[in-house]
Amino acid sequence: MAKRIIYPLYQLGNPQLRIFRPTFNLTLVRPGKEQPPETVQFRIPMEMTKFDVRNYLEKIYSVPVAAVRTRIQYCTNKKRNHSNQRVKRPDYKVAYVQLAQQQTFQFPDIFPEKDKQHEEGSVEEMQEKFMEDERQRQKSDPRRGGVTEWFGL
Amino acid sequence: MSAAVTSRLTAAVCRQFQRVVTVSSYAQPQSATQAFSKLHLCQRSQTYDSWWFRSSVNNRALHTSCVRRGLEEFFDLPENWGEQTVKSGAPWTAKQLRVKSNEDLHKLWYVLLKEKNMLLTLEQEAKRQRLPMPSPERLKKVERSMKRLDTVVTEREDALRLLQTGQERGRPGEWRRNVFGKTFWYRFKEHPIPWYLNSRYKRRRFFEPSHVAPYTRLSLEKYLRSKIRKEKREKRSQERLATIFPKKTALA
């Protein structure tokens, strides 16, 4: 679990530790640098290990995992707030998961441009029209051919 | 409440069907029927879980296609990509969760966990693209539902433990006094060696030294004084109100 939880002590011969109802949250992120096609990048809680990530993905998401590598990203403590106190940006752990069975993953575009058609007489349509008129008014006269207003006439 | 229930049900059911339909091409036939038979049981996506809990079934040796089958669950339904708002129902209340069986709660936990992962990925991607996240209140709803589920499960565990063993707490502990004279509940920890061989534990003192005893007494006196003062203040205000609003006029 991600809280301050003490796990049972393990000594040789003890049963395998089972976690029911894990509180670990994985965040899939778009890689900053170009990654190989089978690599998926996650931000994971600090307490998770490579084995935890592998079991999590295999058991909960049924994603076949070949390899997991992790690193801890240290974030700055240099920024200051309005009262000159240092503000720490929290650190996080990054996991690079390579998929098995020659599977690939490409991070999709989740915010595609969508053309919205407002219905007739709605408030949004009137707002859009108003904004369009404003923009038209701001533009200079096209007949001037790009010459600024500074040059009189 | 009923409207909320039905709206959540319809939202959940619609989402169910969409997801089950998209994935049915991969799913085994028996798990699809099992999913549909269980549709009426849970308000929120129990159908989701019956095929998720099967073991990972990629029996095909050569699989070169771009697979996001499992990783698709980190993202919302493709119709919701690019929307400004996404509709979602009310969070689960503890009252509703107490009615559910342990298996249902266990499955619901994983559903909520996956939903939370999806929302976190969406949030991070929105920050990356410098765009507003659609419907950020969903995160709070999921967190609250998970918290309430946790409380319900701990309630059940506590009740079971009390009935079976009579222990009030799962983790043993005792009242101890620390170096500053304060009494606190010390929770035991598991160690592979006994305490008298544990040098770091022996350095941690669980008694107050003799020079700290006067300060304990002083802080106790302070606490008692504040308690008495509070009681006297309450009594004084009541008496003042009684003089302003005497009982005879109230009864009359």
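The values are calculated or read from the model by the stated rules, or taken from the named source; none is laboratory data. Note that the structure is a prediction, hence the values are computed from the model and not measured. Here the Cβ is made from the backbone with ideal geometry for all residues, glycine too, and neighbour counts use every protein chain on show.
List the number of the failed condition for A:Lys93; all other conditions in (1) at pLDDT below 95; (2) surrounded by 14 or more Cβ atoms within 10 Å (Cβ to Cβ) hold.
Looking at each condition in turn, A:Lys93 falls short on (1).
Counting residues that are away from chain B (no Cβ under 11 Å) and more than 30 Å from B:Leu105 (Cα to Cα), which strands (runs of 3 or more DSSP E) fully inside region A:1-112 reach at least 1?
Working: elements: A:27-29, A:39-44, A:65-73, A:92-99.
In region A:1-112, the matching strands (runs of 3 or more DSSP E) lie at A:39-44, A:65-73, A:92-99.
Consider A:Asn84 against the criteria (1) surrounded by 14 or more Cβ atoms within 10 Å (Cβ to Cβ); (2) more than 19 Å from B:Thr121 (Cβ to Cβ); (3) modelled with pLDDT of 95 or more: it satisfies all of them except one. Which criterion is unmet?
Every condition holds for A:Asn84 apart from (1).
B:Val153 passes all but one of (1) over 30 Å from B:Trp92 (Cα atoms); (2) of a type outside the set (Gly, Ala, Ser); (3) touching a helix residue (DSSP H, G or I) at 6+ places or on another chain (Cβ under 7 Å); which number fails?
Unmet condition: (1).
Please find, among B:Lys107, B:Lys116, the residue that is modelled with pLDDT of 50 or more, facing chain A (nearest Cβ under 9 Å) and touching a helix residue (DSSP H, G or I) at 6+ places or on another chain (Cβ under 6 Å). Walk me through it before giving the result.
Details: B:Lys107 fails: facing chain A (nearest Cβ under 9 Å).
Result of the check over B:Lys107, B:Lys116: B:Lys116.
Among the residues of region B:72-104, count how many are polar (S, T, N, Q) and within 11 Å of chain A (Cβ to nearest Cβ).
Here is the first cut: in region B:72-104, the ones polar (S, T, N, Q) are B:80, B:84-85, B:88, B:93, B:96, B:101-102.
Add one more test, that the residue is within 11 Å of chain A (Cβ to nearest Cβ), and what stays is B:80, B:84, B:102.
Number satisfying all stated conditions: 3.
Could you look through region B:119-140, keep only residues that are within 8 Å of another protein chain (Cβ to nearest Cβ) and without any contact (Cβ under 8 Å) to a residue 12 or more places away in the chain, and pick out the one that is farthest from A:Tyr61 (Cα to Cα)?
B:Leu131
Tell me, yes or no, whether region A:128-149 has at least one residue that is at the interface with another protein chain (Cβ under 10 Å from one of its Cβ atoms), surrounded by 11 or more Cβ atoms within 10 Å (Cβ to Cβ) and closer than 29 Å to B:Leu131 by Cα. I'd like the intermediate steps shown before the answer.
First, the residues of region A:128-149 that are at the interface with another protein chain (Cβ under 10 Å from one of its Cβ atoms): none.
Looking for residues that are at the interface with another protein chain (Cβ under 10 Å from one of its Cβ atoms), surrounded by 11 or more Cβ atoms within 10 Å (Cβ to Cβ) and closer than 29 Å to B:Leu131 by Cα, one finds none in region A:128-149, hence no.
Against the conditions (1) outside the structural domain of B:Lys95 (by the TED database); (2) touching a strand residue (DSSP E or B) at 6+ places or on another chain (Cβ under 8 Å); (3) surrounded by 10 or more Cβ atoms within 10 Å (Cβ to Cβ), where does B:Arg128 fall short? Just the number, please.
(1)
On the basis of being surrounded by 10 or more Cβ atoms within 10 Å (Cβ to Cβ) and either free of Cβ contacts under 8 Å to residues at least 60 places away in the same chain or not in a loop (DSSP other than H, G, I, E, B) (or both), does B:Glu155 make the cut? Break it down into steps so the answer makes sense when it comes.
Details: surrounded by 10 or more Cβ atoms within 10 Å (Cβ to Cβ): yes; either free of Cβ contacts under 8 Å to residues at least 60 places away in the same chain or not in a loop (DSSP other than H, G, I, E, B) (or both): yes.
So B:Glu155 fits the description; yes.
Exactly one condition in (1) within 14 Å of chain A (Cβ to nearest Cβ); (2) in contact with a Lys or Arg (Cβ under 8 Å, 6 or more places away or on another chain); (3) in a helix (DSSP H, G or I) is false for B:Ser145; which is it?
(2)
Restricting attention to region A:113-126, report how many residues are among the acidic types (Asp, Glu), away from chain B (no Cβ under 14 Å) and surrounded by 10 or more Cβ atoms within 10 Å (Cβ to Cβ).
1
Name the residue that is surrounded by the fewest Cβ atoms within 10 Å (Cβ to Cβ), counting only residues in region B:203-229 that are part of a helix (DSSP H, G or I) and of a type in the set (D, E, K, R).
Step one: list which residues in region B:203-229 are part of a helix (DSSP H, G or I), which gives B:203, B:210-229.
When the remaining residues are screened for being of a type in the set (D, E, K, R), the result is B:203, B:217, B:221-222, B:225, B:227, B:229.
Values: B:Arg203: 7, B:Arg217: 11, B:Glu221: 10, B:Lys222: 10, B:Arg225: 10, B:Lys227: 10, B:Arg229: 10.
Only one residue fits best here, namely B:Arg203.
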